[in-house]
Structure formats: structure tokens, C-alpha cells
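The values are calculated or read from the model by the stated rules, or taken from the named source; none is laboratory data. Remember, predicted model here, so these are calculated numbers, not experimental data. When we count neighbours, we look across all protein chains shown, and the Cβ atoms used for this are built from the backbone with ideal geometry, even at glycine.
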Amino acid sequence: MAVPLLDLKAQHATIRDSVANAMMKVVEDQAFILGEPVERIERDLAKLSQVRHAIGCANGTDALLLSLRSLDIGRGEEVLTSPFTFFATAGAIHNVGARPVFADIDPDTFNLSGGTIAAAIKPTTRAVIGVDLFGQMAPIESIMDAARDVPLIEDAAQSIGARRKINDKWVMAGEAATIGTFSFFPSKNLGGYGDGGMVVTQSDEIATRVRRLRTHGGLKTYYHEEVGYNSRLDALQAVILSAKLPMLSSWSAARRKNAAYYDAAFADVEGVRTPTIDPANESIYNQYTLRVARREDLQAHLKAKEIGSAVYYPLSLHLQPCFEYLGYKRGAFPESEKATKEVISLPVYPELKQSQLDEVIEAVRGFYGR
């Protein structure tokens with residue numbers, strides 16, 4: 001039985017009519033850029049994230065870039081982040097002219113921690129980008145303590161709707177950081193039918209700056225206070241996201257259920273380490289990521305059985321050829337480098353059938369002789 005890593009067709013089948021109707025309304029209105037559909041999803045995601053402002057933009061990468069620019073971070077300045085994440089996190093730092101600086105990850109959660117930030121932060125650090133990897137929030141309270149007065153951008157591209165208990169209060173992804181950023185890439189828990197992104201913040205000043213930057217640096221047509229970007233969330237993507245948003249909570253709950261089923265099935269398998277979720281977190285499991293022995297052989301075994309898998313990520317950012325100029329050598333961040341050799345992600349999407357889950361489990365257990 002074939003089990004894809006992600007089956008977006010199965011998801012679409014459950015929401016086809018509502019999405020199609022919403023899209024046709026935009027087509028009939030012939031109003032494609034910003035406008036009420038974008039304002040509606042901004043209001044709804046501000047409410048979900050418990051923030052004052054949400055500003056839609058073209059994609060999750062631009063959300064990071066706009067956030068950095070809104071903090072006036074630019075040429076020659078240093079921004080501290082994780083080497084074990086998608087390229088866009090460090091790429092956005094480079095593309096505003098700043099210098100990516102890395103701190104190693106916590107080996108259990110794959111996220112930065114207060115301890116790793118404290119060990120790496122310097123007087124020259126202008127911002128920290130903490131990444132919520134695979135659907136669980138980084139410990140933002142300890143990261144902010146370690147960073148002191150340095151702004152924190154929470155890269156929540158993989159964690160929309162995730163939450164963390166801080167001082168006995170649930171805090172949503174994007175809520176407590178200086179700025180939070182989301183991606184609506186189709187594979188995300190809340191994904192569009194193309195690219196899309198969003199910046200969230202409690203700051204009126206930052207929100208105004210981001211809104212200006214996303215429209216060529218001006219809030220009034222043909223008047224530009226600064227040079228910005230063309231980075232607007234399309235109305236078509238906005239209505240797709242609005243049609244999907246009511247399902248987000250149940251989809252994330254289904255992912256947690258599937259993850260728990262895997263956890264129990266792999267608990268006694270030597271050579272397999274199931275995901276570690278910080279007890280303070282409620283993860284949305286954008287990915288279900290194992291640490292395994294003989295990773296390449298396992299992936300080949302799964303492929304032969306038509307079971308989807310992926311490696312997020314096979315090479316730490318500090319070792320990417322384009323960042324050679326930063327001067328990092330192999331061994332600089334041992335936990336990140338170790339993770340790149342061991343991680344593999346399995347299907348966890350909400351529409352998985354019981355038979356498909358069992359097929360994945362049987363294949364993994366069979367490979368390790370269990």
C-alpha cells in the first residue's frame with residue numbers, strides 16, 4: 001500500500017466546495033490584491049495568535065525579511081539563529097545585508113534554548129531568530145531572558161496554532177516574541193494553494209512599518225517614505241486560508257493523535273528515537289521526525305515499499321557552500337551536525353487511514369527486525 005509523505009488531494013476533497021466558492025467570489029469581484037479578504041484573514045489570525053496585529057505578505061521568507069527590516073537591521077549587523085532549520089531563516093538575514101551567526105540546538109527538541117543562546121550571544125548581536133521546528137515552540141521565555149534587550153523574531157513557519165505554557169498561561173506561537181512570522185506554503189498545517197506569509201506583532205510601530213514595507217515603502221499610493229518591497233498576500237490565497245482556518249484545530253489534533261500512535265509503536269524499537277516534545281508545549285506536528293540508525297538504508301527500504309519520507313535537513317546551514325564566507329568549520333555545532341545524519345520524517349498528515357499508519361509502522365519495525 002502506497003503511503004505518501006503528504007496527501008494534499010485527500011485534504012482538498014474535504015473542503016473542495018467551500019474553497020471553490022470562496023475563490024470564485026474573488027474572481028467574480030475581480031479584486032485580487034489586498035482588500036477585504038486579506039483584512040479578514042489578518043483579523044482571524046491575529047485573534048488565533050493572540051496578538052494586536054497580523055500583516056499578510058507574499059511568503060514566509062518575506063515575512064522574515066520584512067521583520068528584520070522593520071527592526072532596522074541591515075548591512076554588517078549580526079543576527080543569531082539556528083543552523084538546523086530551513087534555509088530561508090539565514091537567507092533572510094543575509095538578504096538584508098546582515099551577518100548570520102549560529103548557536104547550536106537542543107538535541108532533544110532540535111530548537112534553540114536559553115542555554116545555547118546565552119553561550120553564543122555577543123554585544124554585537126542585533127536580533128535573535130528562534131525557530132519553532134517541526135511544530136513545537138522553542139522555549140521563548142528562556143531565549144528572551146538570555147537575549148535580554150535584543151529583539152526576538154519567532155520563526156513560526158512550522159508552528160501556527162501551537163502553544164506553550166509559560167507561568168501557567170498558554171502562549172500561542174507568535175504571541176510573546178517581538179515579532180512572529182508564519183508561512184502558508186502548501187505543506188504547512190495551514191497551507192495555501194501557492195505561496196503566502198504573515199507577520200504578527202503586539203507593536204503598533206512595527207506593524208505600521210511592515211505594512212509600509214510590503215507595499216514599496218508607502219501606505220499611500222505613489223508616495224514612498226522608504227524603499228520597500230512588493231510583498232502582498234493575494235486575495236485568492238487569503239480566501240483559501242479563511243476557508244481552511246476552521247479546520248486547523250481538528251487537523252492539528254489529528255496529527256497529534258497519529259504521532260501518539262507512532263510513539264507507542266516505536267517505543268521498543270532499538271535504533272529508533274521518537275520525537276521529544278517539551279512538556280510545556282502542545283505541538284502541531286508539522287512533521288513527525290525520528291532519530292534513527294542507518295538512516296539512508298531505512299529511507300531506501302521505505303521507498304521500496306512506496307512509503308514517503310523526507311530528511312529535514314541533510315546539511316547544517318553553517319556548512320552550506322553559500323555561507324562559507326562566515327568561516328565556520330565542520331564540528332562547530334555538533335548537535336546540529338549529528339541531527340542532520342539521523343533525522344527522518346514520516347507521514348503524519350490528518351487524513352491518514354489506520355491501515356496506512358499500520359503500513360508505515362510495519363515497514364519501520366520490519367527494517368529493524370522487530
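Before moving on, here are some points about what is shown:
- Taking the criterion of being in contact (Cβ under 8 Å) with a residue 12 or more places away in the chain and assigned to a loop (DSSP other than H, G, I, E, B), the residues of the stretch 311-344 that qualify are 311, 312, 313, 314, 315, 316, 320, 328, 332, 333.
- Lone unmet requirement of (1) over 25 Å from residue 248 (Cβ atoms); (2) β-branched (Val, Ile, Thr); (3) buried (at least 18 other Cβ atoms within 10 Å of the Cβ) for residue 311: (3)
- Residue in the stretch 85-101 that is modelled with pLDDT of 95 or more, among the aromatic types (Phe, Trp, Tyr), within 23 Å of residue 162 (Cβ to Cβ) and touching a helix residue (DSSP H, G or I) at 6+ places or on another chain (Cβ under 6 Å) present: no
- Matching residues, the stretch 128-174, being more than 22 Å from residue 276 (Cβ to Cβ), surrounded by fewer than 23 Cβ atoms within 10 Å (Cβ to Cβ) and in contact with a Ser or Thr (Cβ under 8 Å, 6 or more places away or on another chain): 147, 150, 151, 152
- Elements of type helices (runs of 4 or more DSSP H) contained in the stretch 194-310, each with 3 or more residues being under 30 Å from residue 1 (Cβ atoms) and either in the same structural domain as residue 351 (by TED's automatic domain parsing) or touching a His at 6+ places or on another chain (Cβ under 7 Å) (or both): 248-266, 295-304
Rundown of residues vs (1) at pLDDT 95 or above; (2) of a type in the set (S, T, N, Q), yes/no style:
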{"site": "14", "(1), (2)": "no, yes"}
{"site": "18", "(1), (2)": "no, yes"}
{"site": "24", "(1), (2)": "yes, no"}
{"site": "34", "(1), (2)": "no, no"}
{"site": "42", "(1), (2)": "yes, no"}
{"site": "45", "(1), (2)": "yes, no"}
{"site": "60", "(1), (2)": "yes, no"}
{"site": "69", "(1), (2)": "yes, no"}
{"site": "72", "(1), (2)": "yes, no"}
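- Selection count, the stretch 198-210, where residues are within 15 Å of residue 232 (Cα to Cα) and either out of contact with any strand residue (DSSP E or B) (no Cβ under 7 Å at 6 or more places or on another chain) or surrounded by fewer than 19 Cβ atoms within 10 Å (Cβ to Cβ) (or both): 2
- Flag if residue 85 is surrounded by 24 or more Cβ atoms within 10 Å (Cβ to Cβ), within 24 Å of residue 200 (Cβ to Cβ), assigned by TED's automatic domain parsing to the domain that holds residue 183 and not aromatic (Phe, Trp, Tyr): yes
- Any hit, the stretch 165-173, residues being in contact (Cβ under 8 Å) with a residue 60 or more places away in the chain, under 21 Å from residue 54 (Cα atoms) and not hydrophobic (A, V, I, L, M, F, W, C): no
- In this structure, residue 93 qualifies as surrounded by 22 or more Cβ atoms within 10 Å (Cβ to Cβ), part of a helix (DSSP H, G or I) and assigned by TED's automatic domain parsing to the domain that holds residue 140.
- Verdict on residue 168 being in the same structural domain as residue 239 (by TED's automatic domain parsing), farther than 23 Å from residue 241 by Cβ and among the charged types (D, E, K, R): yes
- When 187, 203, 142 are screened for being among the hydroxyl-bearing types (Ser, Thr, Tyr) and under 17 Å from residue 105 (Cα atoms), only 142 passes.
- The stretch 43-90, residues that are in contact with a His (Cβ under 7 Å, 6 or more places away or on another chain) and either closer than 28 Å to residue 103 by Cα or not in a helix (DSSP H, G or I) (or both): 83
- For the stretch 8-51, residues that are of a type outside the set (Val, Ile, Thr), out of contact with any strand residue (DSSP E or B) (no Cβ under 7 Å at 6 or more places or on another chain) and over 14 Å from residue 190 (Cα atoms) total 24.
- Just so you know, in the stretch 114-170 the residues that are charged (D, E, K, R) and assigned to a helix (DSSP H, G or I) include one that is nearest to the chain's Cα centre (by Cα), and it is 141.
- Only a single item in (1) surrounded by fewer than 21 Cβ atoms within 10 Å (Cβ to Cβ); (2) among the aliphatic types (A, V, I, L, M); (3) touching a residue at least 24 places away in the same chain (Cβ under 8 Å) is not met by residue 105, and it is number (1).
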